Amino acid sequence: MSKGKYYITTAIAYTSGKPHIGNSYEIVLADSIARFKRKDGYDVYFQTGTDEHGQKIELKAKESGITPKEFVDNVAGTIKDLWDLMDTSYDYFIRTTDKDHERQVQKIFKKLYEQGDIYKGAYEGLYCTPCESFWTESQLVDGKCPDCGREVKPAKEEAYFFRMSKYADRLIEHINTHPEFIQPVSRKNEMMNNFLLPGLQDLCVSRTSFKWGIPVDFDDKHVIYVWLDALTNYITGIGYNCEGESTSQYQKLWPADLHLIGKDIIRFHTIYWPIFLMALGEPLPKQIFGHPWLLQGDGKMSKSKGNVIYADDLVNFFGVDAVRYFVLHEMPFENDGTISWELLVERINSDLANTLGNLVNRTISMSNKYFDGIVADKGCVEAVDADLKAVATTAYGRVAAKMEELRVADALTEIFVLFKRCNKYIDETEPWVLAKDEAKKDRLSTVLYNLVEGILIGASLLEPFMPGTAKKIAKQLHTEIRGFDQLGAFGLYPSGNKVTEKPEILFARLDVKEVVEKADAMFAARKAEQGAAADGMEKVEENVIDIEPKEEITYEMFDKMQFQVGEIIACEEVPKSKKLLCSKVRIGSQVKQIVSGIKQYYHPEEMVGKKVMVLVNLKPARLAGVLSEGMLLCAEDAEGNLALLTPEKNMPAGAEIC
């Protein structure tokens with residue numbers, strides 16, 4: 001009997017380029033939850049997809065010499081291939097260029113306009129032409145654009161706006177009365193204290209400065225802006241119709257049980273999206289979980305330009321299930337996780353090759369060696385068996401409790417508690433000693449039976465997280481993976497069953513040096529391919545630039561400035577800013593948040609791992625509402641192009657620049 005429906009979604013991936021492993025983490029996380037819920041008796045519907053409109057894509061398509069639709073078709077295909085490679089079990093892959101979605105978004109926009117929630121107005125303020133951004137007096141820095149430092153002029157641009165403040169009090173009440181609505185709690189506190197309680201500004205929901213978007217059908221010089229387009233995929237994908245003709249599927253599935261998203265877009269999902277739904281008269285999703293980031297660590301992969309890790313890179317090195325295990329296990333509930341080649345090898349060797357793989361291999365090998373593969377329960381029980389059976393039969397309850405709280409890493413840890421207990425049981429019972437005494441043959445048989453039973457229970461719990469590995473284990477035991485409703489009993493493995501004659505090595509131990517060298521070679525080849533594109537091009541004569549000199553300073557004035565080498569460990573775009581990137585920069589043992597106007601020249605993913613020169617003791621300031629605690633040093637050419645200054649040699653994060 002079904003426990004009811006469970007509708008889970010991921011954020012839809014933006015089609016500006018191939019997602020890195022941090023982006024791929026989200027789909028694997030969602031898949032593990034969806035698979036667990038299905039196996040736990042829920043009628044699951046799992047939706048993912050791609051976000052395909054916007055100015056950035058319009059510009060990238062122009063640079064590539066193709067149409068925006070051709071560009072997003074290519075990238076959406078790459079994303080879908082990656083999701084399939086990671087063995088994800090989504091039910092529907094929506095694209096925001098789907099005609100059904102586009103029609104519904106137009107209808108939604110028109111309905112909200114006709115009922116007065118959307119109105120036509122204008123951006124009015126101080127305009128920076130290079131950044132194409134409006135600013136208020138309070139946002140300026142020394143009277144100039146906070147993004148680029150250039151002059152601003154009074155200007156006005158027509159746009160449609162959504163009346164956010166109309167629904168703010170109702171949303172605050174909902175959040176206060178539904179403590180499970182935003183998770184983790186720290187994300188809820190951030191939304192309440194930083195955005196809702198200070199008061200919401202009306203939201204721009206149309207643009208006229210680019211064309212690659214869904215047109216406002218009653219005012220076609222406007223296109224519908226990203227969030228009203230992208231967020232509504234969660235309802236258009238399951239058959240919502242704002243004219244009152246929604247499908248039976250929508251009636252069954254909505255509201256969503258879980259929106260799984262990255263913490264960087266929590267504001268849009270917990271403020272804008274609920275308010276849009278309130279305006280449409282639709283129920284709010286039951287829960288929104290803003291998961292942390294998976295950051296590149298200190299391994300060699302993060303020290304050279306362009307060394308971005310993709311899911312298919314890791315699969316080629318380690319296999320699908322090893323990658324799934326790593327990203328799920330290494331991500332804490334609330335804090336950011338770290339990925340490096342060294343850490344990957346360590347985790348695979350210790351957990352997968354040793355704890356799990358060696359356990360399965362030893363058990364099957366001993367069954368073949370001592371009983372020709374026949375596993376039989378002879379009922380020869382001793383006191384030591386009780387604890388193994390208790391750990392095995394209570395494992396589901398512990399795992400399910402962790403999954404109910406979305407603590408997926410902790411759930412995996414609980415499964416491996418069982419595998420470790422099985423290994424300890426081998427040490428306690430010493431089957432190789434029992435095999436030397438013919439009188440203890442029945443005891444030996446019982447011990448091996450208990451091990452097979454414990455392994456099968458563990459594999460059945462492991463299936464949502466590592467489906468391929470779970471199936472391999474069951475196949476080698478010549479049986480089937482069990483349902484969760486069968487895991488409370490011990491002894492269901494058919495006595496007298498025969499295991500495989502030649503056990504398959506599930507995970508081979510790896511040499512970290514070989515893996516790192518192979519990774520370095522991969523990145524070198526990738527950079528060589530990028531460099532080959534420049535071969536044969538006419539060499540441009542070097543030029544020089546003279547700039548207006550500033551007032552001379554003394555050494556004492558210079559000595560007050562503290563410059564150090566920093567390593568960028570995370571980077572994201574600043575919402576609603578066309579110029580700003582927000583970087584987390586490791587400087588010695590500290591991490592500073594630094595906002596820089598370099599979005600036009602660097603993508604966030606290529607920033608990660610860079611060693612940069614940082615002015616550390618600059619007085620903190622807010623740029624576009626985001627705190628900045630320093631300055632990244634850049635060079636600027638005559639056309640205004642920027643390049644980060646980096647140390648010539650590999651220097652440790654924190655090294656003083658003098």
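Bear in mind these aren't lab numbers, they're just calculated from the coordinates by the rules spelled out. Being a predicted model, the structure only gives us computed values, none of them experimental. Neighbour counts are summed over all protein chains in view; Cβ atoms, including those assigned to glycine, are modelled from backbone coordinates with ideal geometry.
Just one of the listed residues (73, 51, 81) is surrounded by fewer than 23 Cβ atoms within 10 Å (Cβ to Cβ), under 26 Å from residue 307 (Cα atoms), of a type in the set (Asp, Glu) and under 18 Å from the mean Cα position of the chain (by Cα), and it is 81. Scanning the stretch 85-101 for residues that are in contact with a Phe, Trp or Tyr (Cβ under 9 Å, 6 or more places away or on another chain) and surrounded by fewer than 20 Cβ atoms within 10 Å (Cβ to Cβ) gives 89, 91, 92, 93.
Within the stretch 486-502, none of the residues are out of contact with any helix residue (DSSP H, G or I) (no Cβ under 8 Å at 6 or more places or on another chain) and of a type in the set (A, V, I, L, M, F, W, C). I'd like to verify a number: residues in the stretch 24-48 that are under 14 Å from residue 76 (Cα atoms) and not in a strand (DSSP E or B), how many? Summing the residues that are under 14 Å from residue 76 (Cα atoms) and not in a strand (DSSP E or B) in the stretch 24-48 gives 1. Taken over the stretch 464-489, the criterion of being more than 28 Å from the chain's Cα centre (by Cα) and surrounded by fewer than 17 Cβ atoms within 10 Å (Cβ to Cβ) is satisfied by 475, 478, 480, 483, 485, 486, 488, 489.
Okay, residues lined up against (1) closer than 25 Å to residue 93 by Cα; (2) out of contact with any strand residue (DSSP E or B) (no Cβ under 8 Å at 6 or more places or on another chain):
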position: 176; (1), (2): no, yes
position: 192; (1), (2): no, yes
position: 206; (1), (2): no, no
position: 218; (1), (2): no, yes
position: 224; (1), (2): yes, no
position: 230; (1), (2): yes, no
position: 237; (1), (2): yes, no
